[in-house]
Each structure stands twice: as structure tokens, then as C-alpha cells.
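Student: Let me give you the structure first, and then I'll get to my questions.
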Amino acid sequence: MKKTITFLAVIMVSLVNAQAFKGKGDIKTQVGINMQDGGTGINLSADFGLGENMSYGFVASYLLSVKEPNGTSAKFGDRSDAKVRFNANLGSVFKLDKAIDIYPGLNLGIRNFGAHLGVRYFFSEGFGVYTEAGIPIARYDSNIQGFEELNNQFVFQIGASFNL
């Protein structure tokens, strides 16, 4: 019992020091799984703090597993996506624990203009988890079909977040 209490105390102390968003100069990187209708893949992102509650970043994703209709194979360009984004980091605005950050934002990519909503939780100063959902607001091509649907729809991500 004494070991369990000591273990829990150490975990609680490490959580107190974790901070999900520090403001200007803060750098976060994330790697996770990208899930959407028709495929799953990997997602990489980086966010850079601009101010107390603002950040900008870059996102790249690649679908590893794609449903291939009629035996047609998806090409690299069909599977990949890249975006720049702007986030409003609202954890401090909502007076959440410093280890939690909620970040809605807008993104501009090679396939569409969209929006996302994410949450980060840091277990320690350098490591945390995140989840994020995104939707396209305006597609560049209004008549998409086949593999053009990939990376141009609702997407859900979950993974690890790192503080640099």
C-alpha cells in the first residue's frame, strides 16, 4: 500500500509540472494515426506559439491503407496531404489545468480550406497525447470523385504530442 501511495504521489507531482501550451516561442510536435472513410494512415504536425493564445503550424498526412475500388491503386498524390494552420489555444481562457489545451483552428491545404478542433493532455513536461477532428469547409474542386474524396472529408486523429 505504501508503494502504491508513493507511486501515485510521484505521478501527481509530474502532472503538476506539465504544461500543454506556454505561449510565444512554444513548439509542439505530434505524430498520430489518421482515420477517415476509405483509409487510415499517419499524421505529422508541428505548432509554433505566436502569443499567449495563438499558434501556427504545419501538417502532413499519408494514407497507408486505402480502399481501392475496382482494383484501382491509389497513387502517392492521392494518399498524401499537406496543410498550414492557425490555432487558438484556449486552455488558459477556459481556466483548464495547465496540462490540458483545447485548440480550434483553421487550415489551408493542397486539397481544401478547413477547420479542426483538437485537445492535448501532457503527462510530463515533454510528453502527452492528443486527439483532433477536422472537416473541409471549402473544397478546391466541387465535383470530387474516386480517390479525390481521400483527404477531402471528415478526419479523426489520435496520437502522441511532444514539447520541444
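Student: Within the range 49-82, work out how many residues are surrounded by 16 or more Cβ atoms within 10 Å (Cβ to Cβ) and not aliphatic (A, V, I, L, M).
Tutor: Residues flagged as surrounded by 16 or more Cβ atoms within 10 Å (Cβ to Cβ) and not aliphatic (A, V, I, L, M) within the range 49-82 amount to 10.
Student: Still on this model: Search the range 74-90 for residues that are under 24 Å from PHE147 (Cα atoms) and pair each with any residue that is acidic (Asp, Glu) and not in a strand (DSSP E or B) when their beta-carbon atoms are under 9 Å apart and the residues are at least 6 apart or on different chains.
Tutor: ALA74/GLU68; ASP78/GLU148
Student: Separate question: May I ask you to list pairs of residues, at least six apart or on different chains, whose Cβ atoms are under 6 Å apart, with the first in the range 13-35 being within 18 Å of LYS95 (Cα to Cα) and the second being modelled with pLDDT under 95 and aliphatic (A, V, I, L, M)?
Tutor: As it stands, the answer is LEU15/ALA99; ALA18/ALA99; ALA20/ALA99; ALA20/ILE100, since those pairs meet every condition given.
Student: Quick check on the range 48-70. Is at least one of its residues touching a residue at least 40 places away in the same chain (Cβ under 8 Å), in a strand (DSSP E or B) and within 12 Å of the chain's Cα centre (by Cα)?
Tutor: Pass one, the range 48-70, residues touching a residue at least 40 places away in the same chain (Cβ under 8 Å): 49, 52-53, 55, 59, 61, 63, 66, 69.
Checking the rest, the ones that are also in a strand (DSSP E or B) come to 49, 55, 59, 61, 63, 66.
Next cut, within 12 Å of the chain's Cα centre (by Cα) only: 59, 61.
Yes - at least one qualifying residue is present in the range 48-70.
Student: Show me the strands (runs of 3 or more DSSP E) entirely contained within the range 100-164 in which 1 or more residues are in contact with a strand residue (DSSP E or B) (Cβ under 9 Å, 6 or more places away or on another chain) and more than 26 Å from ASN53 (Cβ to Cβ). Even if it seems obvious, please write down each step before you answer.
Tutor: Working: elements: 100-109, 112-122, 127-139, 155-163.
It comes to 127-139.
Student: Continuing with the same structure: Test each condition in (1) surrounded by fewer than 19 Cβ atoms within 10 Å (Cβ to Cβ); (2) over 21 Å from PHE76 (Cα atoms) for SER161 and report the one that comes out false.
Tutor: (1)
Student: Of the residues GLN145, GLN153, which single one is polar (S, T, N, Q), surrounded by 14 or more Cβ atoms within 10 Å (Cβ to Cβ) and farther than 23 Å from GLY25 by Cβ? Show your work before the answer.
Tutor: Working: GLN145 fails: surrounded by 14 or more Cβ atoms within 10 Å (Cβ to Cβ).
When all the criteria are applied, what remains is GLN153.
Student: Those residues that are under 18 Å from PRO136 (Cβ atoms) and surrounded by 14 or more Cβ atoms within 10 Å (Cβ to Cβ), I need them from the range 83-103; list them, please. Walk me through how you get there before you give the answer.
Tutor: Going residue by residue through the range 83-103, those that are under 18 Å from PRO136 (Cβ atoms) are 83-87.
Answer for the range 83-103, where residues must be under 18 Å from PRO136 (Cβ atoms) and surrounded by 14 or more Cβ atoms within 10 Å (Cβ to Cβ): LYS83, ARG85, PHE86, ASN87.
The values are calculated or read from the model by the stated rules, or taken from the named source; none is laboratory data. Since we're looking at a predicted model, the values are computed, not measured. Ideal geometry is used to build each Cβ from the backbone, glycine not excepted, and the neighbour counts take in all protein chains shown.
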